[in-house]
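Visitor: Before anything else, here's the structure in question.
Values quoted throughout were computed directly from the atomic coordinates according to the rules given, and no laboratory measurement underlies them. What you see is a predicted model; the values in this text were computed from it and never measured. Here the Cβ positions follow ideal geometry from the backbone for every residue, glycine too, while neighbour counts run over all protein chains shown.
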Amino acid sequence: MLTQEYVNDVLKNQCVNLRFHARGGQGGVTASNLCVEAFKGRGICQPKFGAERAGSPTESYVRLSFDYDLIRSNEQVYGPHFVSVLDPSLLTEVDVTAGMPQGGWLIINTVMNQLEIQDIVKRKDLNIATIDATNIAMEILGRNITNTIILGALIRVSHLFSLEDLSDAIMRRFKGEIAAKNIAAIKQAIEETCLYEVNIELDFSKDTKVPWQQVEPGLPGYKELDKAGVWYCDENVIKVGSDQVNTGSWGEWEMVWDKETCTDCAQCWFICPDFAILREKGDDGLYHMAGIDVFHCKSCQNCLEICPVNAISKRSKQGPASCAVPEETGGN
Amino acid sequence: MSIEPMKIFFKEIKEPTETTMIGNYAVAGGVTQTDPDVICAFPITPQTQSVEGLSDVVHQGRLKAAFVNVESELAAISYSTAACAAGARTFTATASQGYLLMTEALPMAVGWRVPLTMMISARAFNSPNLSIWNSWEFTMTNSELGWNCIVSENVQETYDAAILSVMISEDSLFPTMFVHDGFIISHSVQNLSLIPDEVVRNMTPKKKRHTINPKHPGTWGGIVTPSFFMEGRMNLEEAKKPVLGIMEDVYKRFEKATGRQYRSIRTFNLDNPSKTAFITMGSMCGNIISYMTKHKDVGLIKIKTYRPFPYEDLQKIIQDHNIEKLIILEKSDALNGLLPPFSMTIASALYPLGTLFRSFIVGLGGRDVTRDEFDIAKKKMETVKDMKGPLYSYLGVRETKDKIHGVSK
C-alpha cells in the first residue's frame with residue numbers, strides 16, 4: 001500500500017499521472033477536474049479532446065505534482081500510475097491498462113473479483129481496487145453517475161488528496177443538496193472499496209511512453225492516402241461503416257423484449273432511432289418482431305415508452321455487489 | 001445544471017483567489033471583470049464556452065452587458081466593430097472557419113481605430129478534412145491586417161490576456177486578438193489565480209475616446225479616391241509604431257498590480273553550452289519548459305506578442321546571448337514551398353544577423369507534441385552548418401503504416 005508520506009515525497013519532484021475511463025454522461029471529465037481542484041499542489045486535467053456523445057467511451061487525463069515546471073507541460077498522459085474505470089463494460093472495449101507501469105493501480109467500478117479482472121485485462125502486475133459504484137450511485141444519487149464515487153476509491157489507494165479536500169472541491173462546484181449527496185456517496189465508497197494487491201513496487205520515475213506512440217503507427221501514412229481530403233469507401237485503406245461500431249455498449253440498460261405479451265404492432269420498430277428492433281418474415285409472409293439488436297441498442301428507452309402493452313422492459317447491466325475472495329491468489 | 005462553472009464570478013471578487021478552471025471559462029471570467037458593454041459572438045468549437053460563460057454571468061445579473069445573438073461570425077464582427085465604434089467596450093470570440101468568415105470585416109476595426117477585443121481558440125482550417133482540433137490558423141492569412149495579437153501558454157495566461165487585451169486595445173486604439181491553443185488550453189483544467197475586481201477596474205478605466213456621435217457627425221470608412229488612400233495607410237503605419245512600447249507599458253502596469261510578469265519575449269536557459277534555442281509560442285512552450293527540466297543543453301525563446309512582432313527585442317536577445325542556432329517550432333504549414341507564417345516572421349527578423357535556423361512543422365490538427373519531437377529536432381539541428389537546402393520539415397507524421405517521416409528506425 002502507498003502511504004501518505006511516500007506519495008507526498010514522490011509529488012515533490014515527480015509527476016503523478018492519472019487516467020479516467022468513462023462513458024459520455026457519466027462525468028469522467030468532472031471527476032478528473034475535481035482531482036485538480038482537490039489537490040493541494042499544481043495540477044492539470046485534459047479531456048481526450050474530441051466529440052463526446054452520451055454513452056460513448058471517453059478518456060481524461062490528470063497530472064499532479066508540487067513542482068510547477070513538471071506540470072507546465074501540456075502533453076497528454078501516456079503512462080498513468082492510477083487508472084479509474086467508471087463503467088465495467090469498458091474493460092472489454094478499451095485497453096484500459098495501456099501504458100500503465102507495473103505496480104500501478106487499476107480502480108474499477110465493478111462487482112468482479114481480482115482473477116476475473118486479471119483475465120480480462122491480461123495483466124497480473126497491477127494492483128486492483130474495486131468498488132460497486134453503480135449500486136451506491138443508484139442508492140444515494142438516484143442516477144447511475146459514478147464519477148465522484150470512484151474518487152472515494154482513488155483516495156483510499158492513492159492519498160493524493162484527503163476526503164476533506166475533495167468535499168471542499170465538491171462544495172465549490174456543485175449545488176448544495178447534490179454536493180451533500182455526493183459527499184455521502186464518497187464516504188461510503190472509501191469504506192466499501194475492495195483492495196487486491198500485488199507485491200510490486202510502483203516506480204514513479206519510470207517513463208513508459210513508447211517513442212512516437214502519439215503518431216499512432218499502423219494507420220495509413222501520407223504516402224498511402226490518395227487525395228488527402230477525399231476518402232473513398234475502400235476498406236483496404238480506412239475501415240468504414242458506423243454499423244461496425246458497438247453502440248450497444250453505450251447504453252445504461254439492457255432492454256428486454258417479452259414475446260408473449262407483444263402484439264406485433266411495430267410501433268417500437270418505427271420509433272427506434274438505431275434500427276435495433278429486429279423483425280423477421282414469418283411463414284404467413286408478414287413481418288413479425290424477432291428481438292432486440294443488443295450490438296446497436298443504446299437503451300434510449302423510446303421503445304419502452306411507446307409500447308402499448310408493456311412488452312418491453314429494462315434491467316440494469318450490473319449485478320449486485322460482492323467482495324468475493326478469489327480462489328487462488330493472483331500476482332506476478 | 002448541477003455544476004455552475006461561472007459561480008465564482010457571480011459576485012464581487014474581493015481578494016486574490018486561487019481556483020481551477022478551463023481556459024474558456026477563465027476567459028469568460030476575465031472578460032466579466034473588465035465590464036464589457038456589448039458581447040457579441042457566434043459559437044464555434046473550441047471557443048464556445050467562453051461565450052456560454054458570459055451568457056451565464058449576464059443572465060444571472062452580475063454583468064450589465066448587452067448579450068447579442070447573431071446569425072454568423074460575419075454578423076458578429078460587424079456588430080462588434082460598430083458597437084465598439086459607438087463607444088461600447090466590446091468582446092467577441094471565434095476560431096477557424098468562423099475567423100475566415102469574419103475576414104471581410106476584420107480590417108475595418110483597424111482602419112477606424114476601434115479598441116475591440118477578440119478571443120481566438122486556435123483551431124485548424126478545414127483542409128484537407130474537417131478538424132476541430134488545434135493548429136495555428138490565426139497566423140495564416142490575417143496576420144498583416146493590423147490587429148494586435150498576443151498568445152497565451154496556459155489557462156492563467158489566457159485569463160490575464162482577457163484583461164491585458166482590453167488595456168492594450170484602449171491604450172493603442174487598435175483592435176487586439178488574444179489567442180490560446182484550442183482544446184489544449186481552452187478545454188484543459190488548470191490552476192489559476194484570479195485578480196480582485198477592484199484591481200481590474202483600476203487597470204481598465206473607461207476612458208473618453210473617438211466614437212460615432214450625432215453631435216460630431218462624420219463618415220467612418222467612406223470611399224476615398226487615390227488622392228487619399230495611401231496617406232491613410234501610412235497614417236496607420238505611423239500609429240502602429242508605438243504599439244509595442246504601449247504593450248510593454250501595459251505588461252509592466254499589470255505586473256505592478258498583480259505580481260505576474262509578462263514581456264513581449266521571455267527567455268529560458270539561453271546561456272546553454274550548445275548555444276541553441278527553441279523558439280515558439282503558445283502551449284508548446286510549457287511542454288518545452290518541462291522537457292528542459294531533464295535537458296539542460298537547450299534554451300527557449302517564448303514569443304508572447306505575435307503582432308506587432310518585437311523583432312528588435314528578438315535581435316537583441318540573440319546577440320546578447322550569442323545564440324547560434326534556432327529551432328523554430330510551429331503549428332501551421334505553408335504548402336507552396338515557402339516558410340510557414342510564424343517561421344517567415346522569425347526569418348525576416350533574423351536576416352540581418354545571419355543566425356542559423358530550421359523550421360519544424362508539428363502538432364497540426366491537434367496531434368500531441370511530445371519529447372520525441374523535441375529530441376529529434378534538437379538532434380537534426382546539431383548537423384546544421386549553413387542555410388542551404390530546405391529550411392522546413394514536418395515532424396511527427398506517418399510516412400507509411402510502419403514508417404515515421406524523418407525518423408530512422
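Visitor: Rounding to the nearest 10 and keeping the result within 0 to 90°, find how far the Cα-based axis of helix A:163-173 lies from the longest principal axis of chain A.
Guide: The two axes meet at around 60 degrees.
Visitor: Check which residues have an amide H placed less than 5 Å from residue B:13's amide H, if you skip close sequence neighbours.
Guide: B:197
Visitor: Enumerate the amide H contacts of residue B:358 below 5 Å, restricted to partners 5 or more residues apart or on another chain; note that Pro and chain-start residues carry no placed amide H.
Guide: Amide H neighbours of residue B:358: B:326, B:328.
Visitor: Quote the Stokes-Einstein diffusion coefficient, in whole µm² s⁻¹, for the protein assembly as shown, based on the Kirkwood radius over alpha carbon pairs, a temperature of 20 °C and a viscosity of 1.002 mPa s. Kindly include the intermediate steps, with their values, before the conclusion.
Guide: Working: Rh = 28.2 Å.
Diffusion coefficient, whole number: 76 µm²/s.
Visitor: Helix A:4-13 versus the longest principal axis of chain A: what is the Cα-based angle in degrees, 0 to 90, to the nearest 10?
Guide: Its long axis makes an angle of about 80 degrees.
Visitor: Longer than 27 Å from Cα to Cα, which of B:11/B:302; A:48/B:275; B:207/B:241; A:209/B:403; A:209/B:378; A:227/B:331 are they? Say none if no pair is. Write down the numbers at each step before the final one.
Guide: Numbers: B:11/B:302 35 Å; A:48/B:275 36 Å; B:207/B:241 22 Å; A:209/B:403 18 Å; A:209/B:378 19 Å; A:227/B:331 22 Å.
Beyond 27 Å: B:11/B:302; A:48/B:275.
Visitor: Now for a separate question. Starting from the 7 Å offset along Cα-to-Cβ, what nm value, one decimal, do you get for the label separation of residue A:223 and residue B:252?
Guide: 5.6 nm
Visitor: Just going by the charge dipole of chain B, with Lys and Arg at +1 and Asp and Glu at -1 on Cβ, which of B:338, B:277, B:68 is farthest out on the positive end?
Guide: Of the options given, the answer is B:277.
Visitor: Further, regarding this structure: Report the normalised scattering of chain A as log10 I(q)/I(0) at q = 0.07, 0.08, 0.15 Å⁻¹, calculated by the Debye formula with identical scatterers on the alpha carbons.
Guide: Scattering profile of chain A, log10 relative to I(0): -0.35, -0.45, -1.25.
Visitor: Continuing with the same structure: Arranged by the count of other C-beta atoms within 10 angstrom, fewest first, what order do A:15, A:272 take?
Guide: A:272, A:15
Visitor: Please report the antiparallel percentage of DSSP beta bridges with both residues in region A:4-215, rounded to the nearest 5. Kindly include the intermediate steps, with their values, before the conclusion.
Guide: Numbers: 17 of 30 bridges.
Taking every DSSP beta bridge with both residues in region A:4-215, the antiparallel ones total about 55 percent.
Visitor: Given bins 5 angstrom wide, list per bin the percent of all Cα-Cα distances in region B:15-139, short to long.
Guide: Spelled out per bin, shortest first, that is 2, 12, 21, 22, 20, 13, 7, 3, 0, 0.
Visitor: So, in nm, how far is label residue A:206 from label residue B:275 when the simple model puts each one 7 Å beyond its Cα toward the Cβ?
Guide: Using points 7 Å along Cα→Cβ, the separation is 4.2 nm.
Visitor: Using only the Cα atoms of region B:265-404, each taken as one equal point scatterer with no solvent, compute I(q) by the Debye sum, divide by I(0), and report log10 of the ratio at q = 0.16 Å⁻¹.
Guide: The Cα Debye sum returns log10 ratios of -0.80.
Visitor: Cα centroids of region B:218-238 and region B:51-120: how far apart, whole angstrom?
Guide: Region B:218-238 and region B:51-120 have Cα centres spaced 24 Å from each other.
Visitor: Amide H of residue B:122 versus every other amide H placed in the peptide plane: which residues, excluding those fewer than 5 positions away on the same chain, fall under 5 Å?
Guide: B:180, B:181, B:182
Visitor: Turning to a different aspect of this structure: Provide the percentage of antiparallel DSSP beta bridges, counting only those with both residues in region B:7-257; round to the nearest 5.
Guide: 25 percent
Visitor: Mind telling me which of A:79, A:104, A:221 comes out most flexible in a GNM of chain A, alpha-carbon contacts under 10 Å?
Guide: Residue with maximal mean-square fluctuation among A:79, A:104, A:221: A:221.
Visitor: For the protein assembly as shown, what does the helix formula give at 222 nm: sum of -39500 (n - 2.57) over DSSP H segments with n ≥ 4, over the residue count, nearest 500 deg cm²/dmol?
Guide: Working: 23 runs with 231 residues, N = 741.
Per the formula, -9000 deg cm²/dmol.
Visitor: At residue B:236 and residue A:123, where each label point lies 7 Å from the Cα along Cα→Cβ, what is the point-to-point distance in nanometres?
Guide: Going by the 7 Å Cα→Cβ label model, 5.7 nm.
Visitor: Same structure again: Go through region B:196-209 residue by residue and turn each phi into a ³J(HN,Hα) via Karplus (6.51, -1.76, 1.60, θ = phi - 60°); whole Hz please, and just put x for glycine and proline.
Guide: x, 4, 4, 5, 5, 4, 5, 7, 10, x, 7, 9, 6, 8
Visitor: What are the ³J(HN,Hα) values, in whole Hz, obtained from phi via the Karplus relation 6.51 cos²θ - 1.76 cosθ + 1.60 with θ = phi - 60°, for each residue of region B:310-315 in sequence order, with x given for Gly and Pro?
Guide: x, 5, 5, 4, 4, 4
Visitor: Right, here's the next one. Hey, which lysines would be in cross-link range of residue A:187, C-alpha to C-alpha under 24 Å, not counting anything within fewer than 8 residues on its own chain?
Guide: Result set, ordered by chain and number: A:40, A:175.
Visitor: Moving on to the next point. If one computes the Cα centroid of region B:365-407 and of region A:1-18, what distance in Å separates the two points?
Guide: Cα centroid of region B:365-407 versus Cα centroid of region A:1-18: 35 Å apart.
Visitor: What aspartates and glutamates could a cross-link reach from residue B:385, if we take a straight Cα to Cα line under 17 Å and drop same-chain neighbours fewer than 8 places away?
Guide: B:324
Visitor: I'd like the distance separating the alpha-carbon centroids of region A:210-226 and region A:137-200, in whole Å.
Guide: Between the Cα centre of region A:210-226 and that of region A:137-200, the gap is 39 Å.
Visitor: Let me ask something additional. Cut-off is 10 Å between beta-carbons; in what order do B:281, A:1 appear when sorted fewest neighbours first?
Guide: A:1, B:281
Visitor: For a footprinting-style exposure proxy, rank A:21, A:159 by other Cβ within 10 Å, fewest first.
Guide: So the residues, fewest neighbours to most, are A:159, A:21.
Visitor: I'd like the Karplus ³J(HN,Hα) series for region B:7-15: coefficients 6.51, -1.76, 1.60, θ = phi - 60°, whole numbers in Hz, and an x wherever there's a Gly or Pro.
Guide: For region B:7-15, the Karplus-derived couplings read 3, 4, 9, 6, 9, 3, 8, 8, 9 Hz, x marking Gly and Pro.
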